[in-house]
Amino acid sequence: YRGSVEEVAFALTANHGGGYSFRLCPLSQNISEACFQRTVLKFASSHPWLQYNNQTYQYTETVTLPRFEMPPRVVVDEGTFPVGSQWARNPIPSCRLCDQSACGPGIGMNLSEAFKPGFWMGNQTMYGGQDWFDEERCNQHCAGHNMTACPPGMTQFPEPLPGISGYSGAYSAREGLPYSVVDEVHVPAGLEIGDYLLSWRWDCEQTPQVWQNCADIRIVDGGKEVIKGPTD
């Protein structure tokens, strides 16, 4: 509800590094990047948390896992856009098996260029360009693609907690990293009551990509109500 502190969270399937922010846009307005930029939420606490699934099964036993507090969040509010908005570093490091800067200059996808990737993907036709694919494959190798966690000392920056690092988790699972990062944000007191779209914007470091995930929420007085979500 408006004027409150609320929890938000995200999870990663492939860890592209970089950082993120949370924003709001009223559903009554045209949903656009400009609308989200008008209400970038500020972080309310200094520490994020690591949240596994609430329960896991170990043979005949059900184990309930606690929430783990991570070191202080790395947040910047200078040099950001919009001016003064907050941007937080993704706290989960991927691996550093090699120097990603040697993979190439950061080529964007050219969706009009068809190519056949080969390798385990076979001769199917894909789009994005062979040069982009080769650079992306090199980046993923350096970041520890398919490793459950990074080898000791081979991370892009220090692990926030022991063993908390990696690119995509175990290959056989294909489910990404097995936890979520939980943050607290301030909901501005001056918001109008009504329905909003909550945006998580992730500006990647590994490649020139921006990912978003959204959820429909309702801002009320004296309580909160999630009416549906998330949506892509």
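The values are calculated or read from the model by the stated rules, or taken from the named source; none is laboratory data. Note that the structure is predicted; figures quoted are calculated from it, not measured. Counting neighbours? That spans all protein chains shown, and the Cβs are built from the backbone with ideal geometry, glycine included.
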Exercise. Looking only at segment 82-122, which residues are within 18 Å of the chain's Cα centre (by Cα) and part of a loop (DSSP other than H, G, I, E, B)?
Worked result: 85, 86, 90, 91, 92, 93, 94
For this session: Exactly one condition in (1) within 29 Å of residue 22 (Cβ to Cβ); (2) in contact with a helix residue (DSSP H, G or I) (Cβ under 8 Å, 6 or more places away or on another chain); (3) part of a strand (DSSP E or B) is not met by residue 139; state its number.
Result: (3)
For this session: Examine segment 156-164 for a residue that is among the charged types (D, E, K, R), farther than 30 Å from residue 39 by Cβ and either surrounded by 14 or more Cβ atoms within 10 Å (Cβ to Cβ) or touching a helix residue (DSSP H, G or I) at 6+ places or on another chain (Cβ under 8 Å) (or both), and state whether such a residue exists.
Result: yes
Exercise. Does any residue in segment 93-121 that is under 30 Å from residue 181 (Cβ atoms) and surrounded by 10 or more Cβ atoms within 10 Å (Cβ to Cβ) come within less than 6 Å, Cβ to Cβ, of a residue that is modelled with pLDDT under 95 and among the charged types (D, E, K, R) six or more places away or on a different chain, and which pairs are these?
Worked result: 103/135; 104/135; 107/131; 107/135
Exercise. Of everything in segment 6-57 that's β-branched (Val, Ile, Thr) and in contact with a Ser or Thr (Cβ under 8 Å, 6 or more places away or on another chain), which residue is nearest to residue 195 (Cα to Cα)?
Worked result: 40
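Restricting to segment 185-201, count the residues that are surrounded by 19 or more Cβ atoms within 10 Å (Cβ to Cβ) and either free of Cβ contacts under 8 Å to residues at least 12 places away in the same chain or under 24 Å from residue 47 (Cβ atoms) (or both).
Kept after step one, since they are surrounded by 19 or more Cβ atoms within 10 Å (Cβ to Cβ), are these residues of segment 185-201: 185, 187, 196-199, 201.
Checking the rest, the ones that are also either free of Cβ contacts under 8 Å to residues at least 12 places away in the same chain or under 24 Å from residue 47 (Cβ atoms) (or both) come to 185, 187, 198-199, 201.
Here the count works out to 5.
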For this session: Considering only segment 8-79, give the strands (runs of 3 or more DSSP E) lying wholly within it that have at least 3 residues that are without any contact (Cβ under 8 Å) to a residue 40 or more places away in the chain.
Result: 55-58, 61-64
For this session: Determine which member of the set 157, 133 is assigned to a helix (DSSP H, G or I) and aromatic (Phe, Trp, Tyr).
Result: 133
Problem set entry | Whichever residue in segment 8-27 is touching a strand residue (DSSP E or B) at 6+ places or on another chain (Cβ under 6 Å) and among the hydroxyl-bearing types (Ser, Thr, Tyr) and, among such residues, is nearest to residue 185 (Cα to Cα) | 21
